Amino acid sequence: MKNIFIVLLLISFCPLNAQNFKAYQFYDQKGKEIDTDKLVRKLADYDVVFFGENHNSSINHWLQLKITEALHLQKNGQIILGAEMFERDNQPQLNQYLNGKFDAKTLKDSARLWNNYATDYQPLVDFAKIQKLNFIATNVPRRYASRTAKEGFESLNNLTEKDKRYMARLPIKVTLDTPGYPEMKAMMGDHADGTKVMNFISAQAIKDATMAESILKNIQPGKTFIHYNGNYHTKEFGGIYWYVKQKSPNLKMAVISVSESENPELNFPEKDYIPTDFNLIIPADMTKTY
């Protein structure tokens, strides 16, 4: 009788619709679940790891930090960090902060930091600072991407040689064979002006090509270069990945893509999804940083 009472008591405190809540789930390219320990061991074998992100996802940024910390241990410190969120001409300011010559306020006042820098990217930069790691500002200054979107690639030829140092070497190949670019064209619609469409895609291309060149200029034998970028920049092995592959086809590279799910089990996507090497699935209602 006593045991029955205990069972009834437990049931009364356990709602019948209770369920486990998952904050994230990693899968490999075949759709098999992979835990973070195994993921880190696998990532250690790559020359370049692209860690895609949804810019406003809190769990995405937390995982970037934790995977980076774990990979740093796995590789005995032999890693290099780099990010889309920092532009090439701000590398000196970033270096000054990493070397302890700038404080956080001076960096903020002197560099073009994203609005969510303090919550989402400063933890990675501070980790690099503490561990004395290189952190590479890989992206083209936004003024040149904006100019490309408005006036096309030809307008960049008029820049000074100093300005051109902050972008990938011209001319830059732009082709709709690059994964992701046909999707951008489709977004513009069938009736959009052809020149405007290609200028829009070219603005994306100058970002991708510049980030690819920045990685290739700073990669070192035996070290894993971890690059943080918006998911679209490496989606389906396109963008930055594609441009690196054109220049250095023998580099061993991995892409971590991210996708949101309404399903609480965070199952592997089955429709309209092309997986990359590793695939991070996160809840659609996860807290956003902005």
Please list, ordered by residue number, the helices (runs of 4 or more DSSP H) wholly in segment 168-260 having 1 or more residues that are more than 27 Å from residue 43 (Cα to Cα), over 19 Å from the mean Cα position of the chain (by Cα) and without any contact (Cβ under 8 Å) to a residue 12 or more places away in the chain. 181-188, 194-218
Pick from segment 178-224, criterion small (Gly, Ala, Ser) and closer than 30 Å to residue 134 by Cα, ranking: surrounded by the fewest Cβ atoms within 10 Å (Cβ to Cβ): 222
Hydrophobic (A, V, I, L, M, F, W, C) and closer than 22 Å to residue 113 by Cα: is that true of residue 192 in this structure? no
Pick from segment 93-124 the residues that are in a helix (DSSP H, G or I) and of a type in the set (D, E, K, R): which of them is surrounded by the fewest Cβ atoms within 10 Å (Cβ to Cβ)? 105
Selected residue (only one of 127, 86 is surrounded by fewer than 17 Cβ atoms within 10 Å (Cβ to Cβ), under 21 Å from the mean Cα position of the chain (by Cα) and either part of a helix (DSSP H, G or I) or not hydroxyl-bearing (Ser, Thr, Tyr) (or both)): 127
Output the residue which, of all residues in segment 255-273 that are farther than 22 Å from residue 240 by Cα and hydrophobic (A, V, I, L, M, F, W, C), is surrounded by the most Cβ atoms within 10 Å (Cβ to Cβ). 266
Out of (1) of a type in the set (Val, Ile, Thr); (2) surrounded by 15 or more Cβ atoms within 10 Å (Cβ to Cβ); (3) under 30 Å from residue 275 (Cβ atoms), the odd one out for residue 175 is which? (2)
Pairs, please: C-beta under 6 Å, at least 6 apart or cross-chain, first residue in contact (Cβ under 8 Å) with a residue 60 or more places away in the chain and in segment 275-290, second outside any strand (DSSP E or B) and of a type in the set (A, V, I, L, M)? 281/266; 282/59; 286/59
If you check every pair at least six apart or on different chains, which have Cβ atoms under 8 Å apart with a residue in segment 71-99 that is closer than 21 Å to residue 233 by Cα first and a residue that is assigned to a helix (DSSP H, G or I) and charged (D, E, K, R) second? 84/207; 87/142
Tell me, which residue of segment 267-290 that is assigned to a loop (DSSP other than H, G, I, E, B), at negative phi and charged (D, E, K, R) is modelled with the highest pLDDT? 277
Regarding residue 165, is this residue surrounded by fewer than 16 Cβ atoms within 10 Å (Cβ to Cβ) and free of Cβ contacts under 8 Å to residues at least 12 places away in the same chain? no
From the list 95, 60, 56, 76, which one is among the polar types (S, T, N, Q), closer than 26 Å to residue 164 by Cα and at pLDDT 95 or above? 95
Give me the pairs, please: first residue somewhere in segment 129-158 and over 23 Å from residue 216 (Cα atoms), second residue anywhere and of a type in the set (Lys, Arg) and at pLDDT 95 or above, beta-carbon distance under 7 Å, and either six or more positions apart or on two chains. 155/147
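The values are calculated or read from the model by the stated rules, or taken from the named source; none is laboratory data. In this text, all values refer to a predicted model and were calculated from it rather than measured experimentally. Here the Cβ is made from the backbone with ideal geometry for all residues, glycine too, and neighbour counts use every protein chain on show.
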